[in-house]
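A quick write-up on the structure given underneath.
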Amino acid sequence: MEKNTIVNTNCISGATAVMQSLVEEGVDIIFGYPGGAIMPIYDALYDYKEKIRHILVRHEQGASHAAEGYARVTGKAGVCLVTSGPGATNLVTGIADAMIDSIPLVCITGQVSSKLLGTDAFQETDIIGITIPITKWNYQITDAKEIPAIMARAFHYATEGRPGPVLIDITKNAQIEFMEFSYEKFKPEKIDNANKPDIEIFKNAGQLINEAKRPYIFAGHGVLISHAEKELIDLAEKADIPVACTLHGLSSFPQDHQLYMGMLGMHGNYGTNLMTAEADVIIAVGMRFDDRVTGDLKHFAKKAKIIHIEIDPAEIHKIVKADVPIISDAKTALQNLLPHIAAASHSEWKQKFRDCDAQEMDKVIKNEVFPETGKIKMGEAINLFAEISQGQSLVVADVGQHQMMAARYYKFKTKDSWVTSGGLGTMGFALPAAFGCKIAAPDRNVVAIIGDGGFQMTLQELGTIAQEKLPVKIMILNNHYLGMVRQWQELFFDNRYSFVHMESPDFIKLADAYGIAGLRVSDRKDLKSGIKKMLDCKDAFLLEVVVEKEHNVFPMVPAGAAVSAIRLE
Amino acid sequence: MNDYTLLVLTYNVPGVLHRISSIFTRRKVNIENLHVSETKMIGMSRFTIVVKSDKELVEKIVSQIRKIIEVKEVLLHTTEELIHREVALIKVAVKQQDHQKLEDKSIQLDAKFTVVNDNEVTLEKCSTSDEITKMYKELSDYKIVEFIRSGRVALLF
């Protein structure tokens, strides 16, 4: 008899039960890497090739970031499958990244047989203990019978409320044992209505907004997670309220809208940051007042009353005291708030933002995007890329100066077009995340913007891209430095460039070694054609743009300073 | 800085203690006293956690504990708002001829007196934290061999 065959109607191995549970949960893609402790599940997977596509990565960290990219675009939980010991520990960075950026993941790790637990067996680690602070929930399955119920819980917890990563550790014996399979989706005991906002709260919020002279909307990741883009536009338009996005909120509000003012934060726009000090009512939607956005809290939004629309009760009053906390998903909250909002007009207030824009254009943007001499600038490359792609690309950014430039200068025309590592700031995120995004959105042009440093952290995933024939576009902005750290050393550490200069391989030769087409551009005159070639290519393409070596991202709110201390140079 | 007691009702499964305690560790708040046991509801445990901290920080910690999937409920109280007890066991080195004197004192201290051997006795007291500390101070003339206090259990008024 074949291994893993169904013996009677429902009696199957634990490994097959895992596969069946994934199918029941609508999973059709897994990012993984096999190994000893997960072999029974890989054997079961072999019979599920038609139902579930498995992407073999080159490092388990790649699996976690790819699953993140996939989850960001689809809203479904990204699934990783890895072995015990080092396989599991290699997921840790990606899990921590997903936790802080609220991305749903279900990570399945193999584990040694339950009788070996705690004995320092081969490739045994206490991955449950290790991931407790960075998962929404985790569980170790030691008995095959537990599999269906635990898998159902895992998918529920990963995606409900504020999404996040869940880890399920399955001992080898549980994978091999047989069990009677039946599946039921998880139904929570009861819905917790303790926090549900009542009509009074929306009335109060409405009143604050209607009486405001300088209302301001902060749109964060929660708008995208909740699919509240339309409700946000309705609110902003009805009361003529300027809108700024956080890093993760980018593309939640159309950038060509007259109410869109730009990005908040350390490298956000000048006006958006300065005006936080002038606002009298701030409507914070699905954002958590991260320190990059607030700067020094002692000086943050001192004139404003704060309405905080947030699904996670633990975020209310965590950083900033909310005058009207609304514990709800963004879509429902905005739908309930709109009827209490009166039509209004705030021309003078909006003009203040425009005046700042003019200064920013003059002091920063003009030189960044339209330099006449010198090497290619990052902003210039991103701006040209935005024009040629007509703002339609799905941009996946790594971490560093190039990330801030991409956030600032790409003009997003559609929602769900921006994926990056924000809270954890994980270098090496973009390359694997990009192919995760490509699988989730095969019809979109997915372009990873990566620095020369970050690229080398996960470059082995070029192998995945090549083997799986994923037409991901990679734009490396190469300044031969760990740019963001170098910038800080220049501005705050007296130009003491401590270990930030990096010698890199020939990226084009490297891409070629993987069978991926590539092109290097160093001259301004070749930039447009290079970008076009990258975007038009039917297959994967690596474009290396050699940029100005020592150049800084401005505006900048110095670390620990008030956002009103934002510098233009 | 104040004394706060958190009463946490959870499902009785392994790993919950670790999740709860890591929320305190992250914020560098020391757990002064900890007790956990199953409640009269089968499968449910009650944690009694005592910390010294300021109100704002403790409230944030409570919010984060509530997020834990196995946690059903968290109540936060200052020590005065609860009925609470700890048990203390003290082993005292005392020669046989002085046992009676200590036994008389133990009645005064409302502690149970037990002879271990000719040279050692134990006192056992169940009371509030403050009363136990008071008793310990009253025995300063004696040689304390060992002193242990239990976790605090608490009920709402």
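Residues that are away from chain B (no Cβ under 14 Å), free of Cβ contacts under 8 Å to residues at least 24 places away in the same chain and part of a loop (DSSP other than H, G, I, E, B) occur at least once in segment A:112-120.
Here segment A:121-140 is the region considered, the condition is being in contact (Cβ under 8 Å) with a residue 40 or more places away in the chain, within 13 Å of chain B (Cβ to nearest Cβ) and not polar (S, T, N, Q), and the residue that is nearest to A:Ala433 (Cα to Cα) is A:Ile134. Within segment A:195-242, the residues that satisfy the criterion of being over 26 Å from A:Pro104 (Cβ atoms) and among the acidic types (Asp, Glu) are A:Asp198, A:Glu200, A:Glu211, A:Asp234, A:Glu237, A:Asp240.
Per-residue answers, yes or no, for (1) in contact (Cβ under 8 Å) with a residue 24 or more places away in the chain; (2) in a strand (DSSP E or B); (3) under 22 Å from A:Pro313 (Cα atoms); (4) touching a helix residue (DSSP H, G or I) at 6+ places or on another chain (Cβ under 6 Å):
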{"site": "B:Leu6", "(1), (2), (3), (4)": "yes, yes, yes, no"}
{"site": "B:Leu9", "(1), (2), (3), (4)": "yes, yes, yes, no"}
{"site": "B:Ser21", "(1), (2), (3), (4)": "no, no, yes, no"}
{"site": "B:Ser63", "(1), (2), (3), (4)": "no, no, yes, yes"}
{"site": "B:Lys72", "(1), (2), (3), (4)": "yes, yes, yes, no"}
{"site": "B:Glu80", "(1), (2), (3), (4)": "no, no, no, no"}
{"site": "B:Ser106", "(1), (2), (3), (4)": "no, no, no, no"}
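Taking segment A:457-503 on its own, how many of its residues are part of a loop (DSSP other than H, G, I, E, B), farther than 20 Å from A:Phe385 by Cβ and under 27 Å from the mean Cα position of the chain (by Cα)? So the answer is 8. Of all the residues in segment B:93-141, those that are of a type in the set (A, V, I, L, M), exposed (fewer than 14 other Cβ atoms within 10 Å of the Cβ) and closer than 26 Å to B:Thr48 by Cα number 0.
Taking segment A:317-345 as the range and being aliphatic (A, V, I, L, M) and either more than 14 Å from chain B (Cβ to nearest Cβ) or surrounded by fewer than 18 Cβ atoms within 10 Å (Cβ to Cβ) (or both) as the test, the residues that pass are A:Ile319, A:Val324, A:Ile326, A:Ala330, A:Ala333, A:Leu334, A:Leu337, A:Leu338, A:Ile341, A:Ala342, A:Ala343, A:Ala344.
Looking only at residues of segment B:23-42 that are without any contact (Cβ under 8 Å) to a residue 40 or more places away in the chain and over 25 Å from B:Val87 (Cα atoms), we find that the one that is nearest to the other protein chains (Cβ to nearest Cβ) is B:Arg26. Identify all residues within segment B:55-78 that are more than 14 Å from chain A (Cβ to nearest Cβ) and more than 24 Å from B:Val16 (Cβ to Cβ); write none if there are none. If the condition is that a residue be more than 14 Å from chain A (Cβ to nearest Cβ) and more than 24 Å from B:Val16 (Cβ to Cβ), then B:Thr78 is the only one that fits. For B:Val50, the conditions (1) free of Cβ contacts under 8 Å to residues at least 40 places away in the same chain; (2) of a type in the set (A, V, I, L, M, F, W, C); (3) more than 14 Å from chain A (Cβ to nearest Cβ); (4) not in a loop (DSSP other than H, G, I, E, B) are fulfilled apart from (1). Taking every residue in segment A:266-294 that is under 18 Å from A:Ala406 (Cα atoms) and modelled with pLDDT of 95 or more and pairing it with any residue that is surrounded by fewer than 24 Cβ atoms within 10 Å (Cβ to Cβ) and of a type in the set (Lys, Arg), at least 6 positions away or on another chain, the pairs with Cβ-Cβ distances below 9 Å are A:Met266/A:Arg292; A:His267/A:Arg292; A:Gly268/A:Arg292; A:Tyr270/A:Lys363. For A:Arg162, are the conditions met, namely being basic (Lys, Arg), within 24 Å of the chain's Cα centre (by Cα), in a loop (DSSP other than H, G, I, E, B) and within 13 Å of chain B (Cβ to nearest Cβ)? Yes.
The values are calculated or read from the model by the stated rules, or taken from the named source; none is laboratory data. A quick note: this is a predicted structure, and the numbers were derived from the prediction, not measured. Virtual Cβ from ideal backbone geometry, glycine too; neighbours counted across all protein chains shown.
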